[in-house]
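Q: What follows is a structure written as structure tokens; I'll ask about it next.
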2 protein chains.
Amino acid sequence: MPGRRASIPATVAVRVEHVDTPQAIVSIVEHVAAAGGTLRSLTTVRRVPGDPPLAELEVEIEGIDEPILLETLAAVPEVRGSGLTRALDRVFGKRVIVVGGGAQVAQVALGAVSEADRHNLRGERISVDTIPLVGEANIAAAVRAVADLPRARLLVLAGSIMGGDITRAAQELREVGIPVIALNMVGSITDAVDLVVSDPVQAGTMAVMAVADTATFDLARQRGRRY
Amino acid sequence: MPGRRASIPATVAVRVEHVDTPQAIVSIVEHVAAAGGTLRSLTTVRRVPGDPPLAELEVEIEGIDEPILLETLAAVPEVRGSGLTRALDRVFGKRVIVVGGGAQVAQVALGAVSEADRHNLRGERISVDTIPLVGEANIAAAVRAVADLPRARLLVLAGSIMGGDITRAAQELREVGIPVIALNMVGSITDAVDLVVSDPVQAGTMAVMAVADTATFDLARQRGRRY
């Protein structure tokens, strides 16, 4: 499996309030790079209209210590303030994504949340993130977009009929290192995924077991099976 | 309610493969700013070890058209390739976050996913994202981190006893414009939230109604009530 599951160096997370000009982000990134840091994620979490307009960023930086990062940011002319936060990886952890029809998504979530509870009690951090959608184009777009979601580790497709472009999207997702579990359903999808599970609660449970370091379930050894 | 819920200009989403040096991000941001674009989000989605090591970014840029952005990126020396994707906002939309004990989180998710299904059928995009957690410190950290989650619009606290630092964290979250619904439970949390709902399925349903443009439910008119 490619890079996504490889161990990733720790980042420092920081909230930054800055004057909202296009140059502000350039300044911030330049100062951080000059201090030896690499920007790994950035989210604009809030904008405050006014004169000048302000914006708040949540950023994660690699390769730099917390006190040096705060000092560095304080020297950026556009920055109005900054403070350490906790990297989202440490709070919400690995994400199991569930996409499909509402009734089935809810049952997969039930299994996955219950199983995640057991692992999170033992020090894991696993989130279960869901969206109910209808239609081949919408579902295929969501499957492809899972590759863009930070910390997404596994996708469960929960529905009654899926094929065509959804199947192509699932294959693309597996190629970038994110495995896919599907419910047993009509359509070509069940031939294109890592594992097929008939019961949605069981599918959610197995999905969480597959990503939990606290479990002994190895998806690689189950590849191609149907339960 | 402050900036977070105000309408936000559309962004162009693009996947960028680049040589993974600290200078690469600086180059990309500088070129984009020179072309009139502002970086609004950046996620490192994949790293490919090798010589040189490569990385893949998913970025969203404001203030620049798609063809000009692709041309701009092609001129960055560190960029190996880029292609348009779909902004996550258009795929996964608004996020309702559910945090708390596994049994209750699962029931809130059941109500929220079923209700989101009905609204997404009518053109909405609502996701339901969950994490089961134990302990005041862990839950308070998660509540605070909801402010850092892109597209988070509402938090549901699902548990049997919450107070202390969780209550302070909920107040902070509401101050940045993210409302909070709590189950009816032991502890000070029920005095510090926008709405208290006894039934978890109903809490999930109301949470989705409160963020859906396709619903006529106005949380502001329910503030402080208990159901």
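Q: With respect to B:N120, determine if the residue is modelled with pLDDT of 95 or more, touching a strand residue (DSSP E or B) at 6+ places or on another chain (Cβ under 7 Å) and open to solvent by 20 Å² or more (accessible area, probe 1.4 Å). Reasoning before the result, please.
A: Numbers: modelled with pLDDT of 95 or more: yes; touching a strand residue (DSSP E or B) at 6+ places or on another chain (Cβ under 7 Å): yes; open to solvent by 20 Å² or more (accessible area, probe 1.4 Å): no.
In short, no.
Q: Do you know which residues across the stretch B:153-202 are acidic (D, E) and in contact with a strand residue (DSSP E or B) (Cβ under 9 Å, 6 or more places away or on another chain)? Give the derivation first.
A: Step one: filter the stretch B:153-202 for residues acidic (D, E), giving B:165, B:172, B:175, B:191, B:194, B:199.
B:D194, B:D199, listed by residue number.
Q: Which ranges mark the strands (runs of 3 or more DSSP E) fully within the stretch A:45-115 that have 1 or more residues being within 10 Å of another protein chain (Cβ to nearest Cβ) and crowded, with 23+ Cβ neighbours inside 10 Å? Full working, then the answer.
A: On the way: elements: A:54-62, A:79-84, A:94-100.
Correct list: A:54-62, A:94-100.
Q: While we're here: Would you point out the residue of the stretch A:32-44, among those that are assigned to a loop (DSSP other than H, G, I, E, B) and more than 23 Å from the chain's Cα centre (by Cα), that is nearest to the other protein chains (Cβ to nearest Cβ)?
A: From the stretch A:32-44, those assigned to a loop (DSSP other than H, G, I, E, B) are A:35-37; that's our starting set.
From what is left, the residues that are more than 23 Å from the chain's Cα centre (by Cα) are A:35-36.
Details: A:A35: 10, A:G36: 7 Å.
Taking the candidates together, the pick is A:G36.
Q: For the stretch B:146-167, enumerate the residues that are more than 10 Å from chain A (Cβ to nearest Cβ) and either open to solvent by 10 Å² or more (accessible area, probe 1.4 Å) or of a type outside the set (A, V, I, L, M, F, W, C) (or both).
A: The answer is B:R153, B:G159, B:S160, B:I161, B:G163, B:G164, B:D165, B:T167.
Q: For the subset of the stretch B:207-225 comprising residues that are within 27 Å of A:A109 (Cα to Cα) and in contact with a Leu (Cβ under 7 Å, 6 or more places away or on another chain), which member is surrounded by the fewest Cβ atoms within 10 Å (Cβ to Cβ)?
A: Taking the candidates together, the pick is B:L219.
Q: So, one more: Quick one: how many residues across the stretch B:168-206 are among the small types (G, A, S), at pLDDT 95 or above and open to solvent by less than 30 Å² (accessible area, probe 1.4 Å)? Walk me through how you get there before you give the answer.
A: We begin by selecting, within the stretch B:168-206, every residue among the small types (G, A, S); these are B:169-170, B:177, B:182, B:187-188, B:192, B:198, B:203-204.
Add one more test, that the residue is at pLDDT 95 or above, and what stays is B:169-170, B:182, B:187-188, B:192, B:198, B:203-204.
With the extra rule that they be open to solvent by less than 30 Å² (accessible area, probe 1.4 Å), the set shrinks to B:169-170, B:182, B:192, B:203-204.
Residues in the stretch B:168-206 being among the small types (G, A, S), at pLDDT 95 or above and open to solvent by less than 30 Å² (accessible area, probe 1.4 Å): 6 in total.
Q: Keeping to the stretch B:11-30, report how many residues are open to solvent by 30 Å² or more (accessible area, probe 1.4 Å) and more than 9 Å from chain A (Cβ to nearest Cβ).
A: Counting residues in the stretch B:11-30 that are open to solvent by 30 Å² or more (accessible area, probe 1.4 Å) and more than 9 Å from chain A (Cβ to nearest Cβ) gives 2.
Q: List pairs: first in the stretch B:169-189 and away from every other protein chain (no Cβ under 14 Å), second among the hydroxyl-bearing types (S, T, Y) and outside any loop (DSSP other than H, G, I, E, B), Cβ under 6 Å, 6+ apart or cross-chain?
A: Cβ pairs passing all conditions: B:A182/B:T190; B:S188/B:T167; B:I189/B:T167.
Q: Can you confirm whether the stretch B:123-145 contains a residue that is among the β-branched types (V, I, T), touching a Pro at 6+ places or on another chain (Cβ under 6 Å) and crowded, with 23+ Cβ neighbours inside 10 Å?
A: We begin by selecting, within the stretch B:123-145, every residue among the β-branched types (V, I, T); these are B:126, B:128, B:130-131, B:134, B:139, B:143.
Narrowing the set further to residues that are touching a Pro at 6+ places or on another chain (Cβ under 6 Å) leaves none.
The answer is no, given that none of the residues of the stretch B:123-145 is among the β-branched types (V, I, T), touching a Pro at 6+ places or on another chain (Cβ under 6 Å) and crowded, with 23+ Cβ neighbours inside 10 Å.
The values are calculated or read from the model by the stated rules, or taken from the named source; none is laboratory data. The shown structure was predicted, so the numbers you read here are calculated from the model rather than taken from an experiment. Using ideal geometry, Cβ is built from the backbone for each residue, glycine included, and neighbour counts are taken over all protein chains shown. To get the accessible areas, we keep the full protein, side chains included, count just its heavy atoms, and leave off ligands, DNA and RNA. Shrake-Rupley method; radii C 1.70, N 1.55, O 1.52, S 1.80 Å.
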